[in-house]
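Trainee: Can you read through this structure? Questions will come right after.
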Amino acid sequence: MIKQKWHTLEIAELFNSIQSSVNGLSQHEVIERQRIHGYNKLEEKKKKPVLLLFLEKFYDFMIIVLILAAIIAGLAGDMTNAIIIMFIVILNATIGFIQEYRAEKAMESLKKLSALQVKVLRDNTLLEVSSEELVPGDLVWIEAGNIVPADIRLIETHHVFIDEATITGESMPVQKNPNALADEPTALGDLSNMAFKGTLLTGGRAKGVVVETGMQTKIGEIASMLQRKDASTPLQKRMTDFGKKLSYIIIFICILLYVIGMIKGEEPITMLLTAISLAVAAIPEALPALITISLALGAKKLVSKNVLIRKLTAVETLGSVTYICSDKTGTLTQNKMTVVKTFSYSSEKIFNIDLLDLSMALNHDVSINSTGNFIGDPTEIALVEFATKQFSHNELEEIKLKFPRVAEIPFDSVRKCMTTIHQFENAYLIITKGAAESIDRIVNKANLESNILTQSDAWGNEGMRTLAYGHKFIEQLPKEINPTSIENNLVYTGIAGMIDPPREEVKEAIAACKTAGIQTVMITGDHPNTAKTIATQIGLLGKDEWVITGNELSSWSDSEFSNSVEKIRVYARVSPEQKLRIVHALQQKDHFVSMTGDGVNDAPSLKAANIGVAMGITGTDVSKEVAQMILLDDNFASIVKGIKEGRRIYDNIRKFVKYIMTCNSAEIWTLLIAPFLGLPIPLLPIHILWINLVTDGIPGLTLGNEKSEPNIMNRPPRKTNESLFSGGIGYHIIWVGLCMAAVTLSVQAWAVSNNKENWQTMVFTVLALSQLAHVLSIRRENKLIFSERGFSNPSLLLGVLLTFIIQLVVIYMPWANSLLKTKPLSMQELLICIGGAAIVFLAVEMEKLVKKFFFKKA
């Protein structure tokens, strides 16, 4: 069946086109259509098997290099190296797998599973069936409180309002009617005779014909956009780049060392083992594990702040974000209409009560449920909540008793107003509420100086929705109570302006983002005036920044949009497809984009963004499923916490790379230069592995606990193409590595020339202690270690102390001497090793002073 523009068809044409009738479908027709169209449900993304989820953790360039190194070591007979390297690889995979598996389980607990039941006419009999059994052509009944079960063309409505926020992003419920619409391009929010799957009836009742089911519905079309490959994270890109470059360097150095050895007449197998030792020295075995552990600890820390991380790399990605594209409704705002302004035209009071306040307390159909919450139309709830602030609960009850309702004329889309009639002593109080133009038509304008339309227009330009009130007193009710007999000759009572207000903490969060060099963009299906007002209130919209609508965006070519995208701060009345276009346009400008949202309409852009952030409370299951991060408290401000945490973690990863690669550089220089100086091979493979796993590993892991740098939120986001070695880290690795090697080789030369039998233990010890001295210095980027008050990372101090004690055990315990081929040192020899390490420490501290001097000069 070809898709049609169902909203353009008259009811008779509709039944004819979809081959149905006022009697509904027969059971035979239902079975046949289910065979053609399938069940009315969305296709779920197939979950990865647990084993595959675990095996994916090995699909990383650095991990693959480590596995190859382990295999070569094993083939060469060095089983100790092979086993330890594989242990590190498996540990890394296990940590990452456990974190993501737990996050998936947490996701499942967030889902609210419920089977919708729907009233449907089949074989001219009204039945109640599961929504999954609906087919195109079914005639269904829906009422207030129902979730719309499929895409439905309405054929009969009674005061129907539908909340379409999950599809369109529009915060206000939309009134519906069965009238056919013109065949022209129309936004989803303007299709007044359609009800879409997944939306909510907030008022009234309706009858309609199912026209689309399952993946053919609007919500299904959105879901189909989600079948895209996840965007790579900055950390993934940097680690892949780092791993490849490191591997090429390692291969070159190993080949060079092997060739030198063969030229000097060494045995091929001996040189192969030496080359493997050098590869072990160069490969940072602990790096993948440290990154995984750092991210896992960061994720755990964020859970306590109501941020659930579904993908570990999302922690670091958020720290790289340059743009946050945020949905308005429920994310930047409270998703709750609130009266923010009132203006009373009448000075008349009853029982010392202002007539406007009295009208708001009486003219509504809001009720209270068993939990004490208001239920009804969100606009009326806002008016009643405002009234409850003027009166106590007891006073409201007294008002209802003093002014009992005796009749009501319901709201309809033609009159655009609602009237309630209340008995007041020996007379009747008529209260009419509605659109300003409707009230203006039925007031008595004799001697009237004020104009309610002027006030309504002014507030409308501020983004508010306005409702006006009129009233009159009559002594007797007419025989027939209808709009003609009641709604005339009213007196202006007043006007109320309401808006979905911003969250209190959002303004501060957006200011923090600006300070951190991150732009926030509002993307909403709401009216441009409303979006502009909210954006201005929260400090999102600047003087020369733009607000555009979806229609304007549609008229732009890709090149026009690309040239303007960085000037736009607010997008109003946009479709899900346009949200995707916005995200892609920013990404093409080399921005890392975060998209926040809670609706089904946000899901494709959440998926396409570098990091999708869904809302945990109001968020739909679809949005949570595709997001990498979930805000469990729906608090936009929590994103700032994530940004700070992401930056801190990445800084600490850089510090670890700086630390471990400098240490590895020192080992490489030591092994490579020693033969040219006529010295024997300084270290055994077991010494290298020990340094890499223990001396590097324990202090390195504690670097992950380092607190954030003081200026962490006052600097711009990292460039998307920034290397792990930027900011002078590459130079540091080379020169400090050479410094460590120089100290180590000097100690070796002294020990060898003095015929020290334990010279290799001295080389092993001075290199290990130099690395401990190095980590103490680099824990702060530019701050001298002695300028700090106290020690902000006691775990690092304990790690260094523990490693020093272990090193002493290795030197002095007989069983350790046997295992690691070491010999005890005299006190003089130990002090020489400690002195060499002190030289390295002072050299790195001097580097900070030099950088500080040149930075100030620049």
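The values are calculated or read from the model by the stated rules, or taken from the named source; none is laboratory data. Bear in mind that the values here come from a model prediction, so they are computed numbers and not experimental data. Cβ sites come from the backbone with ideal geometry, for glycine too, and all protein chains shown count toward neighbours. Remember, those area values only see protein heavy atoms, side chains included, never the ligands or the DNA or RNA. Shrake-Rupley method; radii C 1.70, N 1.55, O 1.52, S 1.80 Å.
Trainee: Å³ per residue of the Cα convex hull, for segment 173-224?
Mentor: Measuring per residue, one finds 100 Å³ for the Cα hull of segment 173-224.
Trainee: Let me ask you something else. Grab the alpha carbons of segment 447-491, take their convex hull, and tell me the volume per residue in Å³.
Mentor: That works out to 91 Å³ per residue.
Trainee: Here's another thing I want to ask about it. Rounded to whole Å and sorted largest first, what semi-axes of the equivalent ellipsoid does the C-alpha gyration tensor of segment 390-483 yield via the square root of 5 times each eigenvalue? Mind showing how you got there, number by number?
Mentor: Working: eigenvalues 127, 66, 37 Å².
Semi-axes, largest first: 25, 18, 14 Å.
Trainee: Which values of log₁₀ I(q)/I(0), to two decimal places, follow from the Debye formula for segment 323-434 at q = 0.10, 0.19, 0.21 Å⁻¹ with a uniform point scatterer at every Cα?
Mentor: Computed log10 I(q)/I(0) values: -0.35, -1.11, -1.32.
Trainee: Heavy-atom accessible area per residue, the chain, 1.4 Å probe: how many Å²?
Mentor: Accessible area per residue, the chain: 44 Å².
Trainee: For the pair W750 and I785, how long in nm is the line joining their label points, each one 7 Å along Cα→Cβ?
Mentor: Those two pseudo-labels are separated by 1.9 nm.
Trainee: List, in the order given, every pair from K176/K507; K305/K607; K301/K507; K245/K719 whose Cα-Cα distance in the structure shown is over 29 Å. Before the final figure, lay out each step's value.
Mentor: Values: K176/K507 35 Å; K305/K607 23 Å; K301/K507 24 Å; K245/K719 19 Å.
Listed pairs above 29 Å: K176/K507.
Trainee: If you don't mind, there's one more thing I want to ask. Would you pull out the residues with amide H under 5 Å of R122's amide H, same chain only if 5 or more places away, H placed 1.01 Å from N?
Mentor: The answer is L127.
Trainee: Something else now. With N denoting the number of residues in segment 728-847, provide Rg(C-alpha) divided by 2.2 N^0.38 Å, to two decimal places.
Mentor: Ratio of Cα Rg to 2.2 N^0.38 Å: 1.13.
Trainee: So, one more: Add -39500 (n - 2.57) for each DSSP H run of 4 or more in the chain, then divide by its residues: what number comes out at 222 nm, to the nearest 500 deg cm²/dmol? Walk me through the numbers before you get to the answer.
Mentor: Values: 32 runs with 412 residues, N = 858.
About -15000 deg cm²/dmol.
Trainee: Return the equivalent ellipsoid semi-axes of segment 539-597 as a descending list in whole Å, where each equals the square root of 5 times an eigenvalue of the C-alpha gyration tensor. Display every interim value, and only then the final one.
Mentor: Numbers: eigenvalues 46, 42, 34 Å².
Taking √(5λ) for each Cα gyration eigenvalue gives 15, 14, 13 Å.
Trainee: Just report the Cα centroid separation between segment 245-259 and segment 319-383, whole Å.
Mentor: 70
Trainee: Please give every one of the lysines within straight-line cross-link reach of K821, meaning a C-alpha to C-alpha distance under 20 Å, and leave out same-chain neighbours fewer than 8 residues apart.
Mentor: K756
Trainee: Just the number, please: Stokes-Einstein D of segment 640-738 in µm²/s, Kirkwood Rh from C-alpha pairs, 4 °C, 1.567 mPa s.
Mentor: D = 84 µm²/s.
Trainee: Counting only protein heavy atoms and using a 1.4 Å probe, what share of the accessible area of the chain belongs to carbon plus sulfur, as a whole percent?
Mentor: Roughly 58 percent of what the probe reaches on the chain is carbon or sulfur.
Trainee: Regarding segment 703-769, what's the average projected area of the Cα-atom convex hull, expressed in nm²?
Mentor: With every direction weighted equally, the projected area is 6.7 nm².
Trainee: Sticking with this one: Got the relative contact order for segment 380-449 handy, in percent, Cα pairs under 8 Å and 6 or more residues apart?
Mentor: Answer for segment 380-449 is 19 percent.
Trainee: If you average the sequence gap of Cα pairs under 8 Å that are 6 or more apart and divide by the length of the chain, what percent do you get for the contact order?
Mentor: 12
Trainee: Given points 7 Å out from each Cα along the Cα-Cβ axis, report the W141 to K336 separation in nanometres with one decimal.
Mentor: 3.4
Trainee: For helix 378-390, what angle does its Cα long axis make with the longest principal axis of the chain, in degrees from 0 to 90 and rounded to 10?
Mentor: Compared with the principal axis, the helix lies near 90 degrees.
Trainee: Suppose the Debye formula is applied to equal point scatterers at every Cα of segment 412-545; what is log10 I(q)/I(0) at q = 0.18, 0.20 Å⁻¹?
Mentor: Log-scaled intensity ratios, in q order: -0.97, -1.10.
Trainee: Now for a separate question. P(r) for segment 455-534: what percent of alpha-carbon pairs falls in each 5 Å bin, starting at zero?
Mentor: 3, 11, 14, 13, 12, 11, 9, 8, 6, 5, 4, 3, 2, 1
Trainee: Mark the label point 7 Å from the Cα of K823 along Cα→Cβ and return the residues of segment 750-783 whose backbone N is within less than 16 Å of it.
Mentor: Correct set: 750-766.
Trainee: Right, another one. Are any of the pairs K300/K707; K218/K579; K311/K707; K336/K400 more than 21 Å apart by Cα-Cα distance, and if so, which?
Mentor: Result: K311/K707; K336/K400 exceed 21 Å.
Trainee: Another question, if that's okay. Can you give me the long-range amide H partners of V406? Hydrogens built in the peptide plane at 1.01 Å from N, cutoff under 5 Å, separation of 5 or more residues or another chain.
Mentor: Long-range HN contacts for V406: I421, H422, Q423.
Trainee: Would you give the gap between the C-alpha center of segment 801-822 and the C-alpha center of segment 743-780, rounded to a whole Å?
Mentor: That distance is 15 Å.
Trainee: Still on this model: In the full protein assembly as shown, how much of Y345 is accessible to a 1.4 Å probe, in Å² to the nearest 10?
Mentor: Y345 exposes around 50 Å² with every protein chain in place.
Trainee: Quote the Stokes-Einstein diffusion coefficient, in whole µm² s⁻¹, for segment 583-680, based on the Kirkwood radius over alpha carbon pairs, a temperature of 25 °C and a viscosity of 0.890 mPa s.
Mentor: After rounding, the answer is 149 µm²/s.
Trainee: Okay, next question. Quick check: from the Cα gyration tensor, does segment 509-648 come out rounded (a/c under 1.5), prolate or oblate?
Mentor: Taking the square roots of the gyration eigenvalues as a ≥ b ≥ c, segment 509-648 is rounded.
Trainee: Counting Lys and Arg as +1 and Asp and Glu as -1, what is the net charge of the other residues whose Cβ lies under 13 Å from the Cβ of R205?
Mentor: Charge balance near R205 sits at +1.
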